[in-house]
Amino acid sequence: MTAFVIRRLLQSIFVLALTSLIVFLGIYAIGDPLEILLSPDASLAERDQVSRSLGLDRPLPWQYLNFVGDALGGDLGRSFVYNRSAVTVIFERLPATLELVLTALVLSLLIGVPLGLWAGVKPRSRTDETIMTASILGFSLPNFWQGMMLIMIFSVTLGWLPSTGRGQTGTLFGVQTSFATHDGLRHLVLPALNLALAQIALVIRLTRTGVQETLPLDFIKYARARGLSESRIVFVHVMKNILIPIVTVLGIEFGSLIAFAVVTETIFAWPGVGKLIIDSINALDRPVVVAYILVIVTMFIIINLLVDLMYSALDPRTRARPA
Amino acid sequence: MMTPLLSVSGLVTEFPGRDGAVRAVDGVSFDLARGRILGLVGESGSGKSVTGFSVLGLVDAPGRVVAGSVRFDGEELLGASPRRLRSLRGNRIAMVFQDPMMTLNPVLTVGTQMVETVCAHRRVSRRAARVEARDALGKVGIPSPEERLDAYPHEFSGGMRQRVAIATALLHAPDLIIADEPTTALDVTIQSQILGEVQRLCAETGTGLIWISHDLGVVAGLADDIAVMYAGRIVERAGVDDVLDVPRHPYTRGLINAIPGAGERGRPLHQIRGSAPSPTSRLVGCAFRPRCDRAGEACLEEPGEVLGPEGRRWRCFHPLEAGA
Amino acid sequence: MTHQEPAPTGGAVLPPDAGGEVGTSAARGDSMAGRIAAGILASPKASIAALVCVFLIGAALGAPVLAPQDPYDLTAIDIFDSRLPPMSVGYEGQRYVLGTDTQGRDMLSAMLYGLRTSLSVGLTAGLLALAVGTALGLVAAWAGGRIDALIMRTVDLMLGFPTILVALMILVVFGQGTWKVILALVFVQWAYFARAVRGAALVEIGKDYVEAARCLGLSSGRILFAHLLPNCLPPLIVIGTIQVASAIAAEATLSFLGIGLPITEPSLGLLIANGYQVLLAGLYWMSVYPGLLLLALVFAINVVGDRLREILNPRLVR
């Protein structure tokens, strides 16, 4: 088990190093680092200073090490727009995005698993067909368009929910979150739904597949032979078997959600990291873009690593215990 | 005369196939008295396992029982409500399957699975159920049962897992246990241990047992009566001594001969030529005809069941002579 | 004395086509095209979806002919006709069936051309990714060893990141443009194909006839193309279909975010982006209709893809 952990850690570090190298080359070797990292209206003196601190006259490998050193210390340049360390700006906005993503994940489980179970226990029935077609529709809907339609229906036409922005936040368990206020929740509903929709479709399909693959297995027949009720069979025996893969896929999908948050935040003007990157791209605030890429990639690598570890921890068959 | 514990009559179980329905069980009848052990013997594809599942209504869809009667303690099981069947399963009729690695849920502890079996039929607290489970494990000879309850199936050896399955079967002191090849997946020494355990337990508790196997040798030491199945039908039915000493059906004789005996060293093993027909390709007339030395014109007709002395039955137009 | 022979299927309890394995095309009785056609026709849902696909492809191909107005022709557009709701009559008496946009362009025409762009970008990206992925997958399976490990590690890496994010990063670093968008999409999608093809190819390589062919001295190329490739077709078709839908949706998203296709080649995504700006003002038609069209396209392709998967990979439900 420890060998496995170490191997995965090494792999992760390798990928991280590789990405940092690619980004570094993109900035320092292909592009002009001064143009990328310095605001266009920097003075000549500033240019000299930055040039020296980045070591632009030194050989490339030195620059790379410098780059990595700075990065590990949290210095990835200053945002032109916000005039603060790019990394700081990103971490300021990250909680809003995480709030959205976690809500969407929970929603996808709460809605997707029951629907998937329902479809799975009645294969090839009308219920099954309808739910499956609806799930294809769910992940065919272009994310951004669907968000716009949600706004149109619930904000513009019905006027039930606010169209954009994050609501008031309060403190819950010491964290600033929208869940603490009614206004915050009202603002959270549409964007979270928007983000969750494709995930719901995915969870439905996963659950249904899991149920259909598990029901014919021998231990289900044995459970019936012991006189267990169908509900116990489905909710305990089947569920326990399919939850592990579902949860691990969701762990991986966490990253996908962060990606799609870019779109959702743009449409709903949600002040998270996704909106930040789009704004920064448009404003040519390149230090933020660079910082975003590195932070996100790091997050992904960590998430994938954690998911792998969690999977091996959850499945009792892989836990090495003496027989 | 008491009503038999289990009375199966004319049981027919079909599976839909590409070219019409396939009869895995084709008119099977037998009785089992209380406390007796019946050995149901046959090759793969003979329909013996499906017979066992049919009794409990556990035939995998789209297969189903289409005809016949299964009377358990006087009550008709075929067509009984799912609720009624569920209340009987694991309670008054228990099953032991062939490979407990496949039949125990790998992600739940053994304790959980035994406790849920208890609670499915009786209102007891989890703690009381756990005590019962622990005692049951002890009865089948599993050491340190208290700790073993929290173990997962993969942490047991094959023989131990099967003991767990037997313990689970005994939790509600069933009237009948149907064991489907329970020792086939185990090695010989464990097999004989399990056989001994089961024999002892059944004698102690007066539980009826149907032991399904392809191995006549295994069943011979255990059963009171033997029913030989071939191609979905029972071709011979009698007490164990009668069957082994004086078989009437040529197939039975073939099975007995095929058991390697210690006194026959160096001699070629007896074989029954040919192979058993698959359920999809049943012949007209006697199914054993292509492999039988005694087959004649009459065998193009399906042999009916002949009732012999002392309740013996066989299906053959040219049975072996009494004393052959 | 006559006696019945056992039926020819004696010994085989399962019907012949129950296995999930694909035999060599020559050995199988019915053609794959036949099975696909039959399978799709058997499902009313898939038949309708297939019809919609054909219809939309036809509309895209025929856009220059079908569109009442050429949205790129600046002389045909009249700014006075801008922001007209559907079914309005324009300055010169022409009827705008789906309204006009902020520039005065006829929505229907813009949508037809947008459909054309979306479809061509999606198909190009999908097919290129298929070609690259198939080639690399075959190489990985055939060469084995370190090359295989290298390729598969890269595949795993690519698949660990969401398409949108990688495409976004590539476009940010390397700039925009139609071909850059296509290449960014290919950069991500080839991995799906490579993995599937490698898997299918490995199954085939394990079979005896490949060993026999090698012994006969047949060149690797011939073995690869004549034997392995046809057997990789089923997963390729399924994944290809779904990836095309995915590419179309991804391009739309990128265009919507403003980092996709340039505005000289508006796709449906860009049209919807334009519509977004006036959505809150109640001018719904500029976003709703292009969105519905995009949805119809992607949904229809996905439904067909799903059905193809059921037909061609009976064991794999995923």
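Just so you know, all these numbers are worked out from the coordinates, no wet-lab data involved. Bear in mind the structure is a predicted one, so any value in this text is a computation, not a measurement. Please note: Cβ atoms are built from the backbone with ideal geometry, for glycine as well, and neighbour counts cover all protein chains shown.
Taking neighbour counts of Cβ atoms within 10 Å as a proxy for exposure, in what order, fewest first, do C:Met158, B:Met95 appear?
On the way: C:Met158 18, B:Met95 28.
In order of increasing Cβ crowding within 10 Å: C:Met158, B:Met95.
In whole percent, what relative contact order does chain C give with Cα contacts below 8 Å and a gap of six or more residues? Walk me through the numbers before you get to the answer.
Working: 432 pairs, mean separation 72.1, N = 318.
Worked out over chain C, it gives 23 percent.
Explain nothing, just compute: Karplus ³J(HN,Hα) = 6.51 cos²θ - 1.76 cosθ + 1.60, θ = phi - 60°, for every residue of the stretch A:117-134 in order, whole Hz, x for Gly and Pro.
4, 4, 5, x, 7, 10, x, 6, 8, 5, 4, 4, 4, 4, 5, 5, 5, 4
What residue among A:Val234, A:Ile278, A:Ser256 has its Cα farthest toward the positive end of the dipole of the stretch A:222-287, where the charges are +1 on Lys, Arg and -1 on Asp, Glu, each on the Cβ?
A:Val234
Within 10 Å of each Cβ in A:133-141, how many Cβ atoms from other chains are there, averaged over the peptide? Present the calculation step by step, with values, prior to reporting the outcome.
Values: counts 5, 0, 1, 10, 5, 1, 6, 14, 6.
Other-chain Cβ atoms within 10 Å of each residue's Cβ, averaged: 5.
Under a point-charge model restricted to the Cβ atoms of Lys and Arg (+1) and Asp and Glu (-1), what is the dipole moment magnitude of chain C relative to its Cα centre, in debye to the nearest 20? Walk me through the numbers before you get to the answer.
On the way: 19 positive and 20 negative charges, 137 e Å.
Here the size comes out at about 660 debye.
What number do you get for the protein assembly as shown when its Cα radius of gyration is normalised by 2.2 N^0.38 Å, N = residues? The partial results should precede the final answer.
Values: Rg = 35.3 Å, N = 965, 2.2 N^0.38 = 30.0 Å.
Dividing the Cα Rg of the protein assembly as shown by 2.2 N^0.38 Å gives 1.18.
In nm, to one decimal, how far is the modelled label at C:Leu216 from the one at C:Leu61, with both set 7 Å along Cα→Cβ?
3.8 nm
So who's got an amide H within less than 5 Å of the one on C:Leu261, skipping anything under 5 residues away but keeping other chains? H placed 1.01 Å off N, in plane.
Under 5 Å from the amide H of C:Leu261: C:Ser255.
From the P(r) of the stretch C:55-311, can you give the percent of Cα pairs sitting at distances over 29 Å? Each step should come with its number before you reach the end.
Details: 13616 of 32896 pairs.
More than 29 Å apart: 41 percent of the Cα pairs in the stretch C:55-311.
Taking the Cα centroid of the stretch B:46-84 and of the stretch C:233-266, what is the distance between the two, rounded to the nearest whole Å?
54 Å
Student exercise: in the protein assembly as shown, how many lysine pairs 8 or more apart or on different chains have Cα atoms under 25 Å apart? Mind dumping the intermediate values first?
On the way: A:Lys122/A:Lys221; A:Lys122/A:Lys240; A:Lys122/C:Lys45; A:Lys221/A:Lys240; A:Lys221/B:Lys48; A:Lys275/C:Lys180.
For the protein assembly as shown, the number of qualifying lysine pairs is 6.
Considering the options C:Tyr289, C:Gly145, C:Gly122, tell which one lies farthest towards the positive end of the dipole of chain C, charges being +1 on Lys and Arg and -1 on Asp and Glu at the Cβ, about the Cα centre.
Value: C:Gly145.
Highest first, please rank the peptides A:225-235, B:36-46, B:236-246 by the mean number of other Cβ atoms sitting within 10 Å of their residues.
Working: A:225-235: 17.9, B:36-46: 22.9, B:236-246: 19.9.
Highest-to-lowest ranking by the protection proxy: B:36-46, B:236-246, A:225-235.
Zone of B:Glu305 (label point 7 Å along Cα→Cβ, backbone N under 12 Å): which residues in the stretch B:16-40?
B:26-32
By average Cβ neighbour count within 10 Å, what is the ranking of A:104-112, B:289-297 from highest down? It would help to have the intermediate numbers written out before the result.
Details: A:104-112: 19.6, B:289-297: 15.6.
Highest-to-lowest ranking by the protection proxy: A:104-112, B:289-297.
Please report, ordered by residue number, every helix of chain C (full DSSP H runs) that is 27 Å or longer along its axis going by C-alpha atoms and whose mean Kyte-Doolittle hydropathy reaches 1.0.
Taking the DSSP H segments of chain C (at least 27 Å long, mean hydropathy at least 1.0), we get C:107-143, C:178-205, C:229-257, C:285-312.
What number, rounded to the nearest 500 deg cm²/dmol, is the helix-based mean residue ellipticity at 222 nm of chain A, given -39500 (n - 2.57) per DSSP H run of at least four residues and division by all its residues? List each step's numbers first, then the result.
Working: 12 runs with 222 residues, N = 323.
That comes out to -23500 deg cm²/dmol.
Mean shadow of chain B, computed from the convex hull of its alpha carbons, in nm²? It would help to have the intermediate numbers written out before the result.
Details: hull surface 73.1 nm².
Average projection, Cα convex hull of chain B: 18.3 nm².
Using the count of nearby Cβ atoms within 10 Å as a rough guide to exposure, how do A:Tyr311, C:Tyr209 rank from fewest to most?
Values: A:Tyr311 15, C:Tyr209 12.
Lowest count first: C:Tyr209, A:Tyr311.
Looking at C:Thr102, C:Ala252, C:Leu66, which one has the Cα that reaches farthest to the positive end of the dipole of the stretch C:55-311 (charges on Cβ: Lys, Arg +1; Asp, Glu -1)?
Highest projection toward the positive end goes to C:Ala252.
Can you list, bin by bin at 5 Å, the percent of alpha carbon pairs in the stretch C:59-109, starting at 0?
5, 25, 33, 22, 12, 3
Averaged across the residues of A:278-287, what count of C-beta atoms belonging to other chains lies within 10 Å of each residue's C-beta?
2
I'd like the distance between the alpha-carbon centres of the stretch C:40-107 and the stretch B:111-187, rounded to an integer number of Å.
Here the answer is 70 Å between Cα centres.
When you count, for each residue, the other Cβ atoms within 10 Å and take the mean per peptide, how do C:50-63, C:117-130, A:179-192 rank with the highest first?
The peptides rank, most packed first, as C:117-130, A:179-192, C:50-63.
Would you mind checking the tilt of helix B:126-139 against the longest principal axis of the Cα atoms of chain B, expressed as 0 to 90 degrees and rounded to 10?
50 degrees
Give, rounded to the nearest 20 debye, the magnitude of the charge dipole that the protein assembly as shown has about its Cα centre when Lys and Arg contribute +1 at Cβ and Asp and Glu contribute -1 at Cβ. Present the calculation step by step, with values, prior to reporting the outcome.
Details: 81 positive and 80 negative charges, 269 e Å.
In debye, rounded to 20, the protein assembly as shown gives about 1300.
Arranged by the count of other C-beta atoms within 10 angstrom, fewest first, what order do B:Val66, C:Val181 take? Numbers along the way, then the final one.
Details: B:Val66 13, C:Val181 27.
Result, fewest neighbours first: B:Val66, C:Val181.
More than 37 Å apart: what percent of Cα pairs in chain A qualify?
Working: 16987 of 52003 pairs.
Percentage above 37 Å: 33.
Please average, across the residues of A:292-303, the number of beta carbons from any other chain that are within 10 Å of each residue's own beta carbon, and give a whole number. It would help to have the intermediate numbers written out before the result.
On the way: counts 3, 5, 0, 0, 4, 5, 0, 0, 4, 3, 0, 1.
That works out to 2 on average.
Please determine, in degrees from 0 to 90 and to the nearest 10, the orientation of helix B:110-121 with respect to the longest principal axis defined by the Cα atoms of chain B, where the helix direction is its Cα long axis.
80 degrees
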